[in-house]
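One structure below.
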RNA sequence: GCACCGGUGGCGAAGUGGCUAACGCGCUGGUCUGCAAAACCAGUAUGCGCGGGUUCGAUCCCCGCCCGGUGCUCCA
C-alpha cells in the first residue's frame, strides 16, 4: 500500500477482538424483538421490523420472498430473507462463549459493531466494493439503525471493479496481476497510482498495459514541467512582472481543479485542468511572455495537485528496488524484467560522470563521442535532455 | 430470468438538450536542435453501441434490443 502512496488507516479493527461489542449489539436488538434466537442457538435479524430495508441497493425484495429460493425450514428462520447475526457453534469452527450462547458472529454484525465503536452511531462515509452493497451494507444499515435509532453512514462510497485488458480480472483468464508483478515487469509505482486515480471511482476502468505506458508518459510530462518551473523561477533573466492573462487562466483552472474534486471526486476533470495549466505555462515560457510573478500561483496549483495525486516526487526507483529485493529473496528472480536490473546497475554518480564527459566532447564538437555516450546511457534507461541552460537527465 | 451501473476518436477517459465533444497517450507534419530529447504549433470522432420515439433541436430524455460489469444461495 505504501508503495502506491496510500496512507495507512489510523485504526485497524479486528473482529475477533470485538466480540463483546457484537454481542451487546445483538442483545440490544433482541430487547426490541428485532433479533431472535432459533432452536439451534443461532440469532437472526427480523427484517420485517425494518421497513427501510433495501433503501441503499434499491432491491426488490419480492425476488427473495419466503421460500422462493431457500428452504425456510432448513434454516429455522421466521422469514427466508432474515439474515444471521450469530451462528451457533459447528464442530471444527472457532467459537466464543457469550451471554447469548456459544458460537461465532455473523459477517454483517462485525462491521456494524466495529464501525459504531470507533466512529459513533452516525458517521460520514462508508466505503466498499460494488459487490458489497447488497446484502452486506444493506444488513449493516438495518442492524445499526435499529440498534441506535439514528442514521448510520451518511454517504456510501462504492467503487467499481476494474477490468484488466478488457476482461474481468481473474486467475483463470491469466490477467491477474499484483502490484509486485507490475513493478517487476518494470512499470513504475507512480504510473500505477496515476492510472488508478485518473478514472473516477464510480466508473469501471479498464486497466491495460498501454494505459500504464500512457500514465508513465503523462507523469514524465508533469515532472518535467515541475522541474522547468523550478528552473524558471531561478532564472535571473526573466522579467519580474507577471503575465496577467496567464495568471488569470491559471487561477481559473486551479478553481476548476478544486471544483472537479468537489464534484464527487471527478479526478479525470481535475487532471485535465492541471494539464491545461501546464500547456499554457509552457507556451508562455517558450514565447518569452512568462514573468517571475507567474510562478507563485502555478507552484500553488502543482502543490494542490500533488497533495491529491502524489506523483510529482519521484520515489519510483527506490520502490522498484524494493520489489526487486523482494523477488530475489523469494527466489523469484526470473520474474524481474531485465531492463529493471540494467537500470539499477548504474548509479547517479556514474551517470553524472558520463554526462560531464559528453558535455566536454560536445564542446569540442566531437558529436560522435557525445552521441555514443548518450546511446550508452539510453541503453541503461537514462534519457538526456539538452536544454538552453544545461543538460538534464532522467531515468526512464 | 430480474435489478442496478456502463458502452464516447487508434487507446484511456471527461462532459453537455443547441457553442470548435475536455484532457492524457499514440500517430502524421512543422518550429527548435549539430542530431536527438524536451517543449510548442497544426492535423487526427461530420461522431458519442444499434433501432425507434419525445423535442424547433439529442451523444445527453423515454422505450426496445445487443454487449460488458455487479448483485439476486452459501461463505467472507
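Ranked by Cβ crowding within 10 angstrom, fewest neighbours first, how are A:309, A:209 ordered? Present the calculation step by step, with values, prior to reporting the outcome.
Details: A:309 20, A:209 13.
Taking fewest neighbouring Cβ atoms as first place, the list is A:209, A:309.
Which order results if A:326, A:43, A:3 are arranged by neighbouring Cβ count within 10 Å, fewest first? Provide the component values of the computation, followed by the final result.
On the way: A:326 13, A:43 25, A:3 19.
With the sparsest Cβ surroundings first, the list reads A:326, A:3, A:43.
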Item to check | Computed [θ] at 222 nm, deg cm²/dmol, chain A (DSSP H ≥ 4; -39,500 (n - 2.57); rounded to nearest 500) | outcome: -15000 deg cm²/dmol
Checklist entry - Where the centre of each part is set by its Cα atoms, how far does segment A:1-58 sit from segment A:328-388, in angstrom? => result 57 Å
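Given axes a ≥ b ≥ c from the Cα gyration tensor, I'd like to know whether segment A:231-296 is rounded (a/c under 1.5), prolate (a/b larger than b/c) or oblate. Could the numbers behind the result be given before it?
On the way: a/c = 2.88, a/b = 2.54, b/c = 1.13.
Taking the square roots of the gyration eigenvalues as a ≥ b ≥ c, segment A:231-296 is prolate.
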Checklist outcome for this item: Heads up, segment A:249-396 by the C-alpha gyration tensor (a ≥ b ≥ c square roots of eigenvalues; a/c under 1.5 rounded, else a/b over b/c prolate, else oblate) looks oblate
Item to check | Computed lengthening from residue A:17 to residue A:185, 0.36 nm per intervening residue step minus Cα-Cα distance | outcome: 56.5 nm
Checklist entry - Taking the DSSP beta bridges in chain A as the whole, what percent of them are antiparallel, to the nearest 5? => result 70 percent
Checklist outcome for this item: Projected onto their principal axes, the Cα atoms of chain A stretch, largest extent first, over whole-Å spans of 94, 55, 35
Checklist outcome for this item: chain A: relative contact order from alpha carbon pairs under 8 Å, six or more residues apart, as a whole percent, is 12 percent
Next on the checklist: Taking the square root of 5 times each eigenvalue of the Cα gyration tensor, what semi-axes in Å does the equivalent ellipsoid of segment A:316-395 have, largest first?
Outcome noted: 31, 12, 9
Checklist entry - When the gyration tensor of segment A:166-309 is built from Cα positions, what are the square roots of 5 times its three eigenvalues, in whole Å, from largest to smallest? => result 35, 17, 10
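Return the FRET efficiency for the residue pair residue A:369, residue A:269: r is the Cβ-Cβ distance, R0 is 45 Å, and the value is rounded to the nearest 0.05. Don't skip to the answer; put the middle values down first.
Working: r = 48 Å, r/R0 = 1.07.
Approximately 0.40, to the nearest 0.05.
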Item to check | Inter-centroid distance (Cα atoms) of segment A:257-290 relative to segment A:150-194, Å | outcome: 26 Å
Checklist outcome for this item: Long-range alpha-carbon pairs in segment A:174-213, meaning those over 13 Å apart, account in percent for 53 percent
Checklist outcome for this item: Once the mean of 1/r over all distinct C-alpha pairs in segment A:2-159 is inverted, the Kirkwood radius in Å reads 16.5 Å
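Readers should treat all values here as calculations from the given coordinates under stated rules, not as data from a laboratory. Note that this is a predicted model, so its numbers are computed, not measured. Heads up, the Cβs are rebuilt from the backbone with ideal geometry, glycines too, and the neighbour counts pull from every protein chain shown.
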